1. Return the ratio Rg/(2.2 N^0.38 Å) for the chain, where Rg is computed over Cα atoms only.
2. Simple spin-label model, 7 Å along Cα-to-Cβ: Arg178 to Lys110 in nm?
3. With only alpha-carbon atoms in the gyration tensor, what are the semi-axes of the equivalent ellipsoid for region 174-258, in Å, largest first?
4. Using alpha-carbon pairs under 8 Å, 6+ residues apart, how would you state the relative contact order of region 120-239 in percent?
5. Modelled label-to-label distance, Val144 and Asp240, 7 Å Cα→beta-carbon offset: nm?
6. Kindly identify region 97-161 as rounded, prolate or oblate by the Cα gyration tensor criterion: order the square roots of the eigenvalues as a ≥ b ≥ c, call it rounded if a/c is under 1.5, otherwise compare a/b with b/c, prolate if a/b is larger, else oblate.
7. Which value at 222 nm does the chain reach when only helices count, each DSSP H run of 4 or more adding -39,500 (n - 2.57), with the total divided by all residues and rounded to the nearest 500 deg cm²/dmol?
8. Let me check against my output: what whole-number percent is the relative contact order of the chain, with C-alpha pairs under 8 Å and at least 6 apart?
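We did not get these values from a lab; they are worked out from the coordinates using the rules stated. The shown structure was predicted, so the numbers you read here are calculated from the model rather than taken from an experiment. Reconstructed Cβ throughout: ideal geometry from the backbone, glycine too, with neighbour counts over all protein chains shown.
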Amino acid sequence: MKVQLLPSTFDAQGRATLEQRLTCFLIDDCVAVDAGSIAIALDSEQRSKVRDIIVTHPHMDHIASLPIFIDDLYPTLKQPVRVYATSEVIELLERDVFNWNVYPRFSDLKNDYGPVMEYIPIPTSGEFDVAHLKVTAVAVNHIVPTVGLLITDGQSHVAFSSDTAETDEFWKAVNGTRQLDALFIEASFPNEMAKLAEVSRHFTPSSLGKELQKLTHNGMDILAVHLKPTHRDTIIRQLDELNIPKLAVMNPGEIYNW
Ligand SMILES: [Zn+2]
Ligand SMILES: [Zn+2]
C-alpha cells in the first residue's frame, strides 16, 4: 500500500515545504483520507483518479479544499465524487459547508453525466468497502464527532488516529488486528501547551507517549502527523526524547510503501 501525506504549503519556487497546515492522505493514488489540501496538491493524474474520499471529521484543516476539488472537476466528472463519513459528519458538512451560502450543495447537482457528489454514510462498527480497500471506522475523542480508521488492501494494514486525545476504542480495534504495518498518529502541540491540547482534544508528545503504551503491536512504523507548524521543531525534539522505536515524523509529499 502506498500512502502519501499531501503537502499543504509551497515556497516561492513552488516546492512543497514540510509544514503541515492541512490534512489529506492519499492511498494508492486513488483514495483520500480527509481532504484539506486535495484541490491544491494532487498532480493531474491523481486528480483524474481520486473519486473516493473518507472524511474523518468536519474541521476546516481536514476539508478546506474539498468544495474546490469538486468545483474544479464539476463539468468533467463521469461518476460522482463519493464522500464517506458518519451520518453525523454528513449532516454537519451539509449544514455548515455545502449549504448554498459557503458553497453550493453539490449533492443536489448533476452535470451532463449525472450526480457530481454522493455521500456514503459509514458505520462506526464493522468493515466497509472504499474502492479496493476495506475500512473500519472507530469513534475517537475529539471535540466534534470524529473517527479513526483501520485500512487494509488485503496485504498491508495501516491505522489513522485522525485528531484525538486519550481514547480506548481505537486502541482496542488496532490491537485486535492481526498485523499492523503503520500507524499515523497525531501530535499537535508541544508539551508546554498541554492545557490547550487538553481542551481542544489533541496530543502533545508527552500525552502521546503515555497513550502509545496502550498499543500492543510492536515493530510497525509510527508516523506522527498534524504537528502545528509554528511549533514543529519543538514537537519533533520532544517526540525524539520519547525514545520510541520506529517513531518518526511523516514528511508531507514523501511516498511511503508497505
Ligand atoms: Zn480536528
Ligand atoms: Zn485537524
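1. My calculation over the Cα atoms of the chain gives 0.97.
2. 4.5 nm
3. 21, 15, 11
4. 20 percent
5. 3.5 nm
6. Oblate shape, in that a/c is at least 1.5 and b/c is the bigger or equal ratio.
7. Calculated mean residue ellipticity at 222 nm is -6000 deg cm²/dmol.
8. Answer for the chain is 17 percent.
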